[in-house]
Amino acid sequence: MKIELRNIKVREVVGDYKDDGENGVVGYGGKLDIRPAYQREFIYKPEQRDLVIRTVRKDFPLNTMYWAVTESGYELMDGQQRTISVCQYVNGDFAVDWDGQPRGFSNLTHEEQEQILEYELSIYVCEGTDKEKLDWFKTINIAGERLTDQELRNAIYTGPWLTDAKRWFSKTGAPAAHTGENLVKGTPIRQEILEKALEWIGGGNDLIAQYMADHQHDKDASELWQYYQEVIAWATRIFPNQDGARVKLMKGLDWGVFYNEHKSDKLNATKLEQQIVELIDDDDVESKRGIYEYLLTGDERTLSLRAFDDKTKQKKYQQQKGVCPVCKKKFEYNEMEADHIMPWSKGGKTVIDNCQMLCGQDNRMKSGK
Ligand SMILES: [Zn+2]
C-alpha cells in the first residue's frame, strides 16, 4: 500500500464536475469518482454544507481526505460531503449567508471566487489492491472513531526514526510529558505531544508530514528530542516562576513558536516577572494567558484589553452632546466610537474619565489605521 499526501486546488477538483444522480458523481476532470459503490448513502445536511464553504472562504484547513487510485483514475474513500459541498457551491447549486445576505458563487467578486478556486485541499492518495484499500478504509473508520491526523501520519512514516520518537514522546509517562509537564498540554498515547513538537520544529501543522517524510529513515529522533528540550529549557529560563497559578496561564501556549522567533532576544527574567505581576493585577488585561506572548512580541491584541461598556459610552455621548471633539461635527451615537484619551500602553485606564467618543474617521486616524 502506497500513500502519498497531495495538495490539490479546488479549481482542479471541480473541473468537469457532474452529478448524474443514481448514475454517479464525478469531478477532477472526470477522473475522480466522488460517489463509489460503498458511498451511496450520502446524507445531505445544509448546516454542514454551509460550514464547509465558510471554512474554505476563511482559508482555514479542512480535514485531510482520502482518494484511492483505480484503473480509470481515482475514487473518493473519505471526504465525500466536503467534496460535493465545494463542487455544488462553485457550480451555483446553493448560496451561503454572509452578513445576512445569501451569496452564491456568482455573487462573489472575481477575487473572492479566485480565493476559493485556489484553495488547496489536502488529500492522501492511496494505491494498493482492493483488499488493502478495504482494510485501510476500515482502519480509518473503526466504529466511527477516526484516527487523528498524527496517528495516521504515524501509520505512514514508519521506520527507526518513528520508533525512537515514540520512545520519547508517545508512551504513557514518556520523558517529553515529564519534561514539559508545566508547559505542554496533551496525552502522549494520543500522539498529542509528538504532534506539538513536530509542529514547532517543522514550522507549522501543515509541515509535519514533510518533516516526517524528510526524517523517516534517520537512525533516531534525537534532533527532535533535543529541540523539544531546548524549547522547554529556554521558556523555563526566562519564565522560571511556574507555580500552580502560573502553570494555568502557561500550559498549552505555543512555546516552540515563541522559541523559534525569540530565542536570540535579550530577555531579563527578573524584569519579565515584575511585568507579569503588574499585568495580572491590571484589570484592563482580560486575557491573562496572553501576557507571555505580549511580553515577547509587544502585541497588545494578545491581552484582549477591556473595551468601554455601553453605559459609559452612552453617558459620554450625552456629555459631549453628540459632538466629536476633533472635527467638532455632530454624529449619531452609532456613528461614534469610544477612544482611550490616554492609551493603555501609556498607562491610561478603561474608566469614564479617560473616555471620549470620536467619529469613526477620527478614531481611525488616531489609532493610525
Ligand atoms: Zn470627528
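Per the chain: cysteines with no other Cys C-beta under 4.7 angstrom?
So, Cys87, Cys126, Cys327, Cys355.
So, with +1 on the Cβ of K and R and -1 on the Cβ of D and E, and no other charges, what is the size of the charge dipole of the stretch 240-303 about its Cα centre, to the nearest 20 debye? Display every interim value, and only then the final one.
On the way: 9 positive and 14 negative charges, 80 e Å.
So the dipole magnitude of the stretch 240-303 works out to roughly 380 debye.
For the chain, what % of the accessible area comes from carbon and sulfur atoms, probe 1.4 Å?
Numbers: 9940 of 20440 Å².
With neighbouring chains kept in place, the figure for the chain is 49 percent.
Between beta-carbons, use under 15 Å as the cut-off and find the net charge around Gln274, counting Lys and Arg +1, Asp and Glu -1. Please list the in-between numbers first.
On the way: positive: Arg246, Lys271; negative: Glu273, Glu278, Asp281, Asp282.
Charge balance in the 15 Å sphere: -2.
Grab the Cα-Cα distance for Arg103 and Glu273, subtract it from 0.36 nm times how many residues apart they are, and report the gain in nm with one decimal. Don't jump to the answer; show the numbers that get you there.
Details: separation 170, 0.36 × 170 = 61.20 nm, distance 5.03 nm.
In short, 56.2 nm is gained.
Please report the relative contact order for the chain, taking Cα pairs under 8 Å with a sequence separation of at least 6, and give it as a percent rounded to a whole number. Could you put the intermediate results ahead of the total?
Details: 472 pairs, mean separation 38.7, N = 369.
Value for the chain: 10 percent.
Using a cut-off of 10 Å between beta-carbons, work out the net charge of the residues near Gly15 (Lys and Arg +1, Asp and Glu -1, Gly15 not included). It would help to have the intermediate numbers written out before the result.
On the way: positive: Lys9, Arg11, Lys31; negative: Glu12, Asp16.
Net local charge, Gly15 excluded: +1.
Rounded to whole Å, give me the distance from the Cα center of the stretch 43-115 to that of the stretch 225-284.
Cα centroid to Cα centroid, the span is 40 Å.
Counting only the heavy atoms of the protein chains, how much of Arg289 is accessible to a 1.4 Å probe, in Å² to the nearest 10?
80 Å²
Relative to the first principal axis of the alpha-carbon coordinates of the chain, what is the inclination of helix 192-202, with its axis defined by its Cα atoms, in degrees from 0 to 90 and to the nearest 10?
80 degrees
How large is the Rg to Rh ratio of the stretch 243-320 when both quantities use alpha carbon positions and Rh follows Kirkwood? List each step's numbers first, then the result.
Values: Rg = 16.1 Å, Rh = 14.4 Å.
Ratio of gyration radius to Kirkwood radius: 1.12.
Evaluate Rg over Rh across the stretch 310-366, taking Cα atoms for both radii and Kirkwood's formula for Rh.
0.94
Which number gives the lysine pairs in the stretch 240-303 that have C-alpha atoms under 20 Å apart and are eight or more places apart or on different chains?
Working: Lys248/Lys288; Lys251/Lys263; Lys251/Lys288; Lys263/Lys271; Lys271/Lys288.
Lysine pair count for the stretch 240-303: 5.
Using a 7 Å offset from the Cα along the Cα-to-Cβ direction at both Ile341 and Asp206, what is the distance between the two label points in nm, to one decimal?
4.7 nm
In degrees between 0 and 90, to the nearest 10, how far off the longest principal axis of the chain does helix 46-57 point, with axes built from Cα atoms?
The angle comes out near 70 degrees.
Given axes a ≥ b ≥ c from the Cα gyration tensor, I'd like to know whether the chain is rounded (a/c under 1.5), prolate (a/b larger than b/c) or oblate. Walk me through the numbers before you get to the answer.
Working: a/c = 3.01, a/b = 1.30, b/c = 2.32.
Oblate, since a/c reaches 1.5 and b/c is not below a/b.
Between Ser287 and Gln81, what FRET efficiency follows from the Cβ-Cβ distance if R0 is 25 Å, with the result rounded to 0.05? Walk me through the numbers on the way to the answer.
Details: r = 35 Å, r/R0 = 1.40.
The computed FRET efficiency comes out at 0.10.
What angle do you read, to the nearest 10 degrees and between 0 and 90, between the alpha-carbon axis of helix 310-319 and the longest principal axis of the chain?
Helix 310-319 sits at roughly 40 degrees to that axis.
With a 1.4 Å probe and every protein chain left in place, work out the accessible area per residue of the chain in Å², rounded to a whole number. List each step's numbers first, then the result.
Details: 20440 Å² over 369 residues.
Per residue, the chain has an accessible area of 55 Å².
Students sometimes get this wrong: rank Trp225, Trp161 by accessible area, probe 1.4 Å, all chains present, largest first.
On the way: Trp225 25, Trp161 5 Å².
The residues order as Trp225, Trp161, largest area first.
Given charges of +1 on the Cβ of Lys and Arg and -1 on the Cβ of Asp and Glu, with all other atoms neutral, how large is the dipole of the chain about its Cα centre, in debye to the nearest 20?
Working: 51 positive and 62 negative charges, 253 e Å.
Approximately 1220 debye in magnitude.
Keeping all protein chains in the complex and leaving out DNA, RNA and ligands, what accessible area do you get for Met336 with a 1.4 Å probe, in Å² to the nearest 10?
The accessible area comes out at roughly 10 Å².
Mind giving me the nanometre distance, one decimal, between the label points for Glu181 and Lys330, set 7 Å out from Cα along Cα→Cβ?
6.8 nm
At 7 Å along the Cα-to-beta-carbon direction for both Asp299 and Asp265, put a label point, then send me their distance in nm to one decimal.
Reported label-point gap for Asp299 and Asp265 is 1.1 nm.
From the helices alone, meaning DSSP H stretches of at least four residues, give me the mean residue ellipticity at 222 nm for the chain, per-run term -39500 (n - 2.57), in deg cm²/dmol to the nearest 500. Please report the intermediate quantities before stating the final value.
Details: 17 runs with 159 residues, N = 369.
Helix contribution divided over all residues of the chain: -12500 deg cm²/dmol.
What relative contact order, as a whole-number percentage, does the stretch 240-303 give when Cα pairs under 8 Å and 6 or more residues apart are counted?
Numbers: 31 pairs, mean separation 19.3, N = 64.
Answer for the stretch 240-303 is 30 percent.
The values are calculated or read from the model by the stated rules, or taken from the named source; none is laboratory data. This is a predicted model, so every value here is computed, not measured. A quick note on method: Cβ atoms are made from the backbone with ideal geometry, for glycine too, and the neighbour counts reach across all protein chains shown. The accessibility values were calculated without ligands, DNA or RNA, using every heavy atom of the protein model including side chains. Shrake-Rupley method; radii C 1.70, N 1.55, O 1.52, S 1.80 Å.
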